1. Report yes if Val135 is without any contact (Cβ under 8 Å) to a residue 40 or more places away in the chain, within 16 Å of Val65 (Cβ to Cβ) and touching a strand residue (DSSP E or B) at 6+ places or on another chain (Cβ under 6 Å), otherwise no.
2. Please count how many residues of the stretch 72-85 are touching an Asp or Glu at 6+ places or on another chain (Cβ under 9 Å) and free of Cβ contacts under 8 Å to residues at least 24 places away in the same chain.
3. Filter the stretch 93-132 down to the residues that are over 25 Å from the mean Cα position of the chain (by Cα) and under 21 Å from Asn69 (Cα atoms) and list them by number.
Amino acid sequence: MAGLLASRRRKKRLKAEINVVPYIDVMLVLLIIFMVTAPLLNLGVDINLPQSDAKSITEKKDPIVVSVNADGAYFLAEKAGANDPVDAAALESRMRELVTANPEVAVYVAGDATANYQEVMNAMVLLQRAGVEKVGLMSQPTQGAASR
C-alpha cells in the first residue's frame with residue numbers, strides 16, 4: 001500500500017516550467033506587422049513656420065536680431081529699433097566680436113515668410129562660424145493668439 005501511494009505522488013507531480021512558445025509566436029507576428037507598417041508612415045508635413053502661438057520671451061537685455069528679407073539680404077539689430085544692413089562677411093565678424101564680449105548673448109534669426117529657406121540657413125551657419133552657441137528663430141504670432 002505504501003508503494004501505491006508513492007507511485008501516485010510521482011504521477012501527480014506538476015511541471016514548474018512556463019511554456020513561452022505562444023509568447024514568442026505573438027512577438028514575431030507583432031515584429032513583422034511593425035516592420036511592414038513602419039515604412040508606410042507619412043513623416044512629411046506641410047507647415048507654415050512664420051506664424052506661431054508661442055509665448056513671448058522676456059529677457060533683461062535686448063537680444064541681437066539677425067533679419068533675412070525676401071531678397072536674402074542680412075540686417076543686424078544690436079539694439080531695439082536699429083536694423084543695419086550688413087553683408088555676410090561683416091555679419092560674421094561683428095557677431096564674433098559680440099560673442100567674444102558676451103558669450104551668453106541671446107541671438108535670434110528673423111526670416112521673412114517669403115524668404116528662401118536656404119538664405120535663413122546660411123545666416124545660421126554664419127552665426128555658428130562666429131561662435132554663437134544658441135540661435136532662436138523668431139515668428140509672428142497668429143491673430144487668435146492675442147485674445148487667449
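The values are calculated or read from the model by the stated rules, or taken from the named source; none is laboratory data. Keep in mind that this is a model prediction, so the values were computed, not measured. Quick reminder, even Gly has a Cβ in these numbers, built from the backbone with ideal geometry, and neighbours come from all protein chains shown.
1. Yes, satisfied.
2. Final tally of qualifying residues: 8.
3. Ser93, Arg94
So that you can scan it fast, the table gives a plain yes or no per residue for (1) closer than 23 Å to Gln140 by Cβ; (2) among the hydrophobic types (A, V, I, L, M, F, W, C); (3) at pLDDT 80 or above; (4) touching a Lys or Arg at 6+ places or on another chain (Cβ under 7 Å):
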{"residue": "Asn48", "(1), (2), (3), (4)": "yes, no, no, no"}
{"residue": "Glu59", "(1), (2), (3), (4)": "yes, no, no, no"}
{"residue": "Ile64", "(1), (2), (3), (4)": "yes, yes, yes, no"}
{"residue": "Lys79", "(1), (2), (3), (4)": "yes, no, no, no"}
{"residue": "Pro85", "(1), (2), (3), (4)": "yes, no, yes, no"}
{"residue": "Glu92", "(1), (2), (3), (4)": "no, no, yes, yes"}
{"residue": "Glu104", "(1), (2), (3), (4)": "no, no, yes, no"}
{"residue": "Val125", "(1), (2), (3), (4)": "no, yes, yes, no"}
